[in-house]
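Written below as structure tokens is the structure these notes are about.
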Amino acid sequence: MYTILIVDDSPMIVDVFVAMLERGGYRPIAAYSGNECLEVLEDVRPDLILLDIMMEPMDGWETLENIKMNASTANVPVMMLTAKQLTPDEAQEYGAYIEDYIMKPTTHRQLYDAIEYVLKRQEKINQDIEEAKDRGTDSQIIEEYERLSKSADVSRRLLKILESTYNINDSNVKVGENIQQAIESMGMSIKFQEERLEQISKEYLHLKN
């Protein structure tokens, strides 16, 4: 049974997600602020954190930074679960530190699917890494593969959110030049990550797609 920490400063919302997670067969733990989240992490290592952004006095992004700056909690996966629309600046600044970005409200099925996707992705990466170690693959190559495997996938998902938020594919909608450039730049970065990831997979890890 996976343990999932829910962090939101609205007790009503926390109660809703606790019930949803219990119904889905997970073990939920509640925290009602960023500070309480950090306190819980001193004693508990959840399999995943569902973190809201719009909290006071410490918002979700600051909470995320504290989690990732602490060596003992840096590897705990964090999924943003929020009603706040993602911006290109946030995607660029925080994309490397999160597993996904889910908009509230969400259905039971959407939440379960998102959680399972994140957990299974990590299991697949771990399996690939163990196989690479068994083959004697250089540790730096393995570390690069691990980083790119998650980063490229998360970036693709964030890019889809941004394209949907700003209606990039709708010719009738005008998007600010800065936003357009940021989204295009993100797309190019993902392309380079994917090309390098494919090279590592084939030439060094000998992985099959």
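The values are calculated or read from the model by the stated rules, or taken from the named source; none is laboratory data. What you are looking at is a predicted structure, and each value in this text was computed from that prediction instead of being measured. Heads up, the Cβs are rebuilt from the backbone with ideal geometry, glycines too, and the neighbour counts pull from every protein chain shown. We work out accessible area using only protein heavy atoms, side chains counted, and drop any ligands, DNA or RNA first. Shrake-Rupley method; radii C 1.70, N 1.55, O 1.52, S 1.80 Å.
For Gln110, only one of the following conditions fails: (1) crowded, with 17+ Cβ neighbours inside 10 Å; (2) touching a strand residue (DSSP E or B) at 6+ places or on another chain (Cβ under 8 Å). What is its number? Result: Gln110 passes all but (1). Could you tell me whether any residue of the stretch 119-129 is open to solvent by less than 40 Å² (accessible area, probe 1.4 Å) and in contact with a Ser or Thr (Cβ under 6 Å, 6 or more places away or on another chain)? Checked the stretch 119-129: at least one residue is open to solvent by less than 40 Å² (accessible area, probe 1.4 Å) and in contact with a Ser or Thr (Cβ under 6 Å, 6 or more places away or on another chain).
Taking the criterion of being farther than 17 Å from Thr73 by Cβ and surrounded by fewer than 14 Cβ atoms within 10 Å (Cβ to Cβ), the residues of the stretch 40-60 that qualify are Met54, Glu56, Pro57.
Return yes when Val14 is farther than 19 Å from Thr82 by Cα and among the β-branched types (Val, Ile, Thr) and no when it is not.
no
Within the stretch 17-46, the set of residues being within 19 Å of the chain's Cα centre (by Cα) and within 17 Å of Ile102 (Cα to Cα) comprises Phe17, Leu21. Residues in the stretch 71-91 that are open to solvent by less than 50 Å² (accessible area, probe 1.4 Å), in a loop (DSSP other than H, G, I, E, B) and among the aliphatic types (A, V, I, L, M): 3 in all. Cβ separations smaller than 8 Å between residues 6+ apart or across chains give the following pairs from the stretch 1-17 residues that are assigned to a helix (DSSP H, G or I) to residues that are open to solvent by 60 Å² or more (accessible area, probe 1.4 Å): Pro11/Tyr32; Val14/Tyr32. No other residue among Lys191, Lys202, Lys208 is open to solvent by 50 Å² or more (accessible area, probe 1.4 Å), of a type in the set (Lys, Arg) and at pLDDT 95 or above apart from Lys191. Name every residue in the stretch 73-85 that is in contact (Cβ under 8 Å) with a residue 24 or more places away in the chain and of a type outside the set (Lys, Arg), in order of residue number. Once the filter is applied, which keeps residues that are in contact (Cβ under 8 Å) with a residue 24 or more places away in the chain and of a type outside the set (Lys, Arg), the stretch 73-85 yields Thr73, Val76, Pro77, Val78, Met79, Met80, Leu81, Thr82, Ala83, Gln85. Restricting attention to the stretch 19-39 and to residues that are in a helix (DSSP H, G or I) and either open to solvent by less than 30 Å² (accessible area, probe 1.4 Å) or among the charged types (D, E, K, R) (or both), the residue that is nearest to Leu5 (Cα to Cα) turns out to be Cys37.
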